[in-house]
Amino acid sequence: MKVGISLTSNYPDVKDPRQGARSMIERAAAARRAALDSLFVGDQHVSPTPYYQNTPILGRLLAEWGEAPAGCLFLLPLWHPVLVAEQVGTLAAVAHGPFIMQCGLGWGDDRFAAMGANMKTRPSAFEEALDIIRRLLAGETVISSGRFRIAAASLALRPAEPVAVHIGASAPPAIDRAARLADGWIASPGLTSEEARAQADMYRERCAAYGKEPDAVVLRRDIYVGESPAEARAVLREALARSYRGMPAEALIAGSVDEVAEQFRSFEKIGYTDILVRHLTNDQPKVLGSLERLAAVRAALA
């Protein structure tokens with residue numbers, strides 16, 4: 001099983017806007033020292049708290065990263081596909097290793113309204129945007145008169161190697177869409193173990209129906225690797241006390257190196273190929289310590 005990281009981009013308590021950016025840079029460097037298998041950042045718009053936008057921050061983080069895969073999430077209905085293709089072309093050129101484009105539908109009426117997008121048409125906009133992006137990255141000249149009106153667009157700066165597409169999905173129609181359109185699927189971080197099993201089974205069944213073998217079956221998990229079981233439980237209690245992201249306690253992982261490795265193995269047994277972690281705490285020394293211990297978790301899994 002591979003272990004990667006999806007870095008926290010939201011820093012609600014920062015006083016100096018440079019502080020959150022520096023924290024992300026330090027965490028990316030720590031993830032490289034831990035020999036993690038991948039590095040990602042998310043996508044969010046019109047955030048009520050400081051959120052570091054995906055393409056500029058990833059460009060900076062790649063300076064701390066190595067040759068392992070890296071990428072970022074694009075909530076495609078909120079982006080113009082030509083702009084996404086251009087951003088991917090540039091980031092893939094900056095990256096030393098493979099680039100992975102994560103995709104999602106996005107959510108929130110207020111966010112869609114602020115970005116001038118239509119919540120009701122997001123599934124069709126998603127599919128149209130993804131098709132245009134792939135065609136541009138392949139070197140085609142694209143003309144479109146659909147939701148995105150494009151007159152003879154082409155991309156001169158294209159990735160040196162194919163860009164894998166992973167789609168985040170939870171509802172059955174969205175999981176089917178991921179099986180049909182993507183190279184990999186990303187399961188939601190708030191799933192219980194039984195939900196994670198059922199959705200992985202559904203994804204593989206839909207892939208088989210389309211005659212495909214998925215490259216990656218990815219589970220997002222919010223975690224903390226403690227110095228001891230007791231220290232990890234204290235971090236977990238603190239997270240639960242503030243209703244951490246509205247997730248059930250069962251969906252959160254906190255423990256010693258051995259305990260976290262055992263929980264990761266349980267997901268490998270039900271068909272997940274990758275775990276993408278985010279940390280339960282924003283306390284920088286604790287996050288850096290957890291990342292250092294995550295290297296031992298990864299070694300145990302290997």
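What follows draws every value from the coordinates through simple rules; no lab data is involved. Because the structure is a prediction, the values reported are computed rather than measured. Ideal geometry is used to build each Cβ from the backbone, glycine not excepted, and the neighbour counts take in all protein chains shown.
Observations on the model:
- Since only Gly271, Ser290, Ile143 are under comparison, the one whose Cα sits farthest along the positive direction of the charge dipole of the chain, derived from C-beta charges on Lys, Arg, Asp and Glu, is Ile143.
- Region 114-167 and region 71-100 have Cα centres spaced 11 Å apart.
- Axis of helix 81-94 versus longest Cα principal axis of the chain: the two differ by about 50°, to the nearest ten degrees.
- Choice from Tyr272, Tyr52, Tyr11 showing the highest fluctuation, given a GNM over the chain with Cα pairs closer than 10 Å: Tyr11
- Of the GluC sites (Glu not before Pro) found in region 120-193, those in coil by DSSP whose Cβ has at most 15 other Cβ atoms within 10 Å are Glu140.
- Environment charge at Ala34 (Cβ cut-off 14 Å; Lys +1, Arg +1, Asp -1, Glu -1): +2
- In Å, descending, principal axis extents of the Cα set of region 189-302: 46, 31, 20
- Of the chymotrypsin sites (Phe, Trp or Tyr not before Pro) found in region 63-111, those that fall in a DSSP loop while having at most 14 other beta-carbon atoms within 10 Å are Trp107.
- DSSP-defined beta bridges in the chain - what % are antiparallel, rounded to 5: 10 percent
- Taken about its Cα centre, region 55-165 carries a charge dipole of about 260 debye when Lys and Arg each add +1 at the Cβ and Asp and Glu each add -1 at the Cβ.
- Alpha-carbon gyration tensor eigenvalues x 5, square-rooted, for region 112-172, Å: 23, 17, 10
- In this simple spin-label model, placing a label point 7 Å from the Cα along the Cα-to-Cβ direction at both Met202 and Ser170 gives a separation of 1.1 nm.
- For the chain, the dipole from Cβ point charges (+1 on Lys and Arg, -1 on Asp and Glu) about the Cα centre works out to 440 debye, to the nearest 20.
- Around Asp183: net Lys/Arg minus Asp/Glu count, Cβ-Cβ under 15 Å: +2
- Amide hydrogen proximity for Phe74: with H placed 1.01 Å from N in the peptide plane, the residues at 5 or more positions away or on another chain lying under 5 Å are Gln102, Cys103, Gly104.
- For Ala302, the shell of other residues with beta-carbons less than 12 Å away shows a net charge of +1, using +1 for Lys and Arg and -1 for Asp and Glu.
- Lysine pair count for the chain (Cα-Cα distance under 23 Å; residues 8 or more apart in sequence or on different chains): 5.
- Residue range of the chain that is longest and free of trypsin sites (Lys or Arg not before Pro) which are both DSSP loop and sparsely packed (at most 11 other C-beta within 10 Å): 16-241
- Against the chain, whose longest principal axis is taken from its Cα atoms, helix 122-137 shows a tilt of about 80°.
- Rounded to the nearest 10 degrees, the inclination of helix 17-33 to the longest alpha-carbon principal axis of the chain is 80 degrees.
- Across region 235-248, computed HN-Hα scalar couplings (Karplus, 6.51 cos²θ - 1.76 cosθ + 1.60, θ = phi - 60°) run 5, 5, 4, 4, 5, 5, 5, 9, 6, 3, 6, x, 8, x Hz from first to last residue, x flagging Gly and Pro.
- On the basis of the beta-carbon distance and an R0 of 41 Å, Ala113 and Arg237 show a calculated FRET efficiency of 0.60.
- Amide H partners (placed H, <5 Å) of Ala254, local residues excluded: Tyr224
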